[in-house]
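The values are calculated or read from the model by the stated rules, or taken from the named source; none is laboratory data. Bear in mind the structure is a predicted one, so any value in this text is a computation, not a measurement. Reconstructed Cβ throughout: ideal geometry from the backbone, glycine too, with neighbour counts over all protein chains shown. Note: accessible area is taken over every heavy atom of the protein model, side chains too, but ligands, DNA and RNA are not part of it. Shrake-Rupley method; radii C 1.70, N 1.55, O 1.52, S 1.80 Å.
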Amino acid sequence: MASLFICGCDVLRLNGGEPQIALQQDIEIRGSKIAAIGSDLPLPADAQMQVIEGQGLLAIPGLMNTHAHVPMVLFRGMVEDVSVQSWFNDYVFPLESNLTPEDVYWGALLGMAEMIENGVTSVADHYFFMDEVARAVETSGMRANLAWAVFGHQGEAQLDETCRFVERWQGKADGRITTWLGPHAPYTTGPDFLKLSAVRAKNLGVGIHIHVSETAEQVALSLQEHGITPVKMLAETGVLDVPAILGHCLYPTDEDVQILSRVSAGVAHAPKTYLKLGMGEIKLQRLLDAGVPVGLATDGAGSSNTLDILEQLRIMALVQKHAYQDPTTMPVGEALQIAFEGSAQVLQMGDSLGALAPGRFADIALLRQDGMHVFPRFDPAANLVYSSRGADVDTVICNGELLMQNRKLLTIDKEQVKKEISARLHRLSQRTPGKRIAVYPA
Ligand SMILES: [Zn+2]
C-alpha cells in the first residue's frame with residue numbers, strides 16, 4: 001500500500017462556507033485515503049512512506065470537472081466565432097464523424113494531461129468510444145465518472161451497447177472509474193428514448209449524465225413540440241428517478257427548479273462556454289436557494305478551449321456579480337463551496353471528495369504561492385478565486401498516488417501524446433458534405 005507524507009503545507013478548509021487556511025500542516029496518506037492532518041504529526045516509521053516537502057505550498061482538494069467531453073481537445077481552436085446551430089451542424093457533428101477509437105484515446109490523454117497540470121483530479125466525461133477514455137483514465141491515474149453519449153436516432157441497440165460499457169468498466173482502475181448512462185439531451189433523443197434510458201439505468205443501478213435546457217430556444221422548442229419543458233420531460237420519463245448530472249441547465253423555469261429540488265440531480269455549470277457561445281447566463285442563487293447542487297465544469301474544449309477549472313471558477317464568480325449587478329454576490333467562500341463541496345455533490349461523492357479531512361479520498365492539489373500575481377499572501381482563498389492560475393499547481397495526488405510532482409507529469413508522456421495527435425490532425429480536420437453524427441434542431 002502506497003503511503004505519502006506531505007510536510008508543512010498550508011491547508012484550505014471551508015467551515016460552513018467560511019474559508020480558513022491552516023498553516024504549516026502535515027498530511028498523512030495511507031493507500032487511497034487521507035489518514036491524518038495536523039501540525040507536527042509524527043513521521044511514521046515506514047520504509048514505504050514517501051515524504052513530500054510542502055513548505056510554502058497550499059493544499060486544496062483536487063479540483064473536479066463535472067461535465068466534459070475530454071477528447072474534444074482534439075478540436076481545440078478549430079471552430080470559433082460561429083452560432084450555436086452552426087457550431088454543431090457545420091463543424092462539431094461533421095468533425096466528430098471522423099473520430100476513430102484510437103483518436104479518442106489520444107485525445108483523452110491530452111485532456112487528462114491538461115487537467116492534471118491544472119490540479120483537476122476528477123472528471124465526469126460524456127463522449128463516444130468510452131472504452132478508450134476508460135483506458136486513458138487507467139493510464140493517467142485520474143478519477144472519472146464515464147458516460148457513453150448516445151443519440152435517439154442510434155436506436156435501442158446502441159443504448160444497449162452503452163449499457164455493456166457500464167458493466168465492463170464499473171469500479172475498474174482501482175475503483176477510480178464509475179460508469180453511468182449518457183443519453184445526449186432531450187432534443188436529440190426524445191421522450192421514448194429517455195424512458196428506455198431511465199429503465200436501463202434503474203436496472204443497472206446507475207445514474208444518467210445528460211445535457212438539458214442549454215438555450216432559451218431549446219426550452220421553447222420543447223414546449224412547442226411536447227407541451228413541457230426539457231426538465232419536466234426528464235422528470236416524466238423517469239430520468240430524474242436516478243442520480244443525474246445535468247449539463248448546463250441555464251434556462252430552468254421556477255417549476256423546473258422545484259422539480260430539481262426534490263430529486264438527486266446536480267447541475268454542471270460551465271460559464272466560459274456560455275460567454276463564448278453567447279448562450280446567456282443563469283442566476284445561480286435560484287438553484288442554490290432551492291438546495292440544488294451546483295458544480296463547476298469546463299464542457300468540451302471545442303467550446304471552452306481549456307479544461308481549466310480555476311479559470312471556470314473565476315469566470316463563474318465574475319459573471320454572477322455581473323448578472324446581479326452586485327459585487328457582494330457570490331463571495332469567495334461561496335464560490336469555493338461550489339468548486340469543492342458543490343462539485344463533489346454533483347458527482348454524487350459529497351462524503352468522499354471536496355474536502356481535505358481524514359477518511360476522505362487523498363485527491364489533493366498543491367499550489368505554489370510564490371508568484372508575483374499572488375503576492376502578498378494576505379488572503380490565499382481570495383487569491384485562489386481571483387488571482388491563481390492553473391500553472392501555479394505544483395503537485396497533484398489522486399487516490400493516494402502522485403500524478404504530478406514539481407510540475408512534472410508522472411503518468412503521461414506529453415511528447416508522445418503530441419506526436420500521436422499531430423499525425424492525426426489533417427484527417428480529423430476534414431469535413432465531408434452530408435457526413436455528421438447528429439443534427440442540431442434549427
Ligand atoms: Zn456538453
Review point. Measuring from label point to label point, each 7 Å out along Cα→Cβ, what is the V199 to T328 span in nm?
Key: 5.3 nm
Revision key, fill the gap. G119 neighbourhood, Cβ < 12 Å, K/R = +1, D/E = -1, net charge -4
Exercise for review: Quick one: accessible surface of E311, probe radius 1.4 Å, all protein chains present, in square angstrom to the nearest 10.
Suggested key: 60 Å²
Review point. Accessible area per residue of the stretch 238-351 at 1.4 Å probe, in Å²?
Key: 33 Å²
Review point. Of all DSSP beta bridges in the chain, what percent run antiparallel (nearest 5)?
Key: 45 percent
Exercise for review: Work through the residues other than L288 whose Cβ is under 14 Å from its Cβ and net out their charges, Lys, Arg +1 and Asp, Glu -1.
Suggested key: -1
Check your understanding: Expressed as a rounded percentage, what relative contact order does the stretch 208-276 have, with Cα pairs under 8 Å and six or more residues apart?
Key -> 37 percent
**Study point:** Fraction of accessible area attributable to carbon and sulfur, the chain (%, probe 1.4 Å)
**Key:** 51 percent
Revision key, fill the gap. Dividing the mean separation of Cα pairs under 8 Å (6+ apart) by the residue count of the chain yields a relative contact order in percent of 23 percent
**Study point:** Percentage relative contact order, the stretch 243-333, counting C-alpha pairs under 8 Å, at least six apart
**Key:** 26 percent
Study note, to complete from the structure: At R0 = 51 Å the Cβ-Cβ FRET efficiency linking Q285 and A45, nearest 0.05, sits at 0.50
Practice item. Show that you can apply the helix-only estimate: for the chain, add -39,500 (n - 2.57) for every DSSP H stretch of four or more residues, divide by all residues, and state [θ] at 222 nm to the nearest 500. Key: -9500 deg cm²/dmol
Revision key, fill the gap. Once A36 and V263 are pulled to full extension, the length gained, defined as 0.36 nm per residue separation minus their Cα-Cα distance, is 78.3 nm
Practice item. Would you compute the Debye intensity of the stretch 63-346 from its alpha-carbon atoms alone, equal scatterers and no solvent, and pass along log10 I(q)/I(0) at q = 0.07, 0.08, 0.17 Å⁻¹ to two decimals? Key: -0.22, -0.29, -1.54
Study note, to complete from the structure: Karplus-derived 3J(HN,Hα) from phi for the stretch 24-32 (6.51 cos²θ - 1.76 cosθ + 1.60, θ = phi - 60°), whole Hz, x at Gly and Pro, runs 6, 9, 9, 10, 9, 10, 10, x, 8
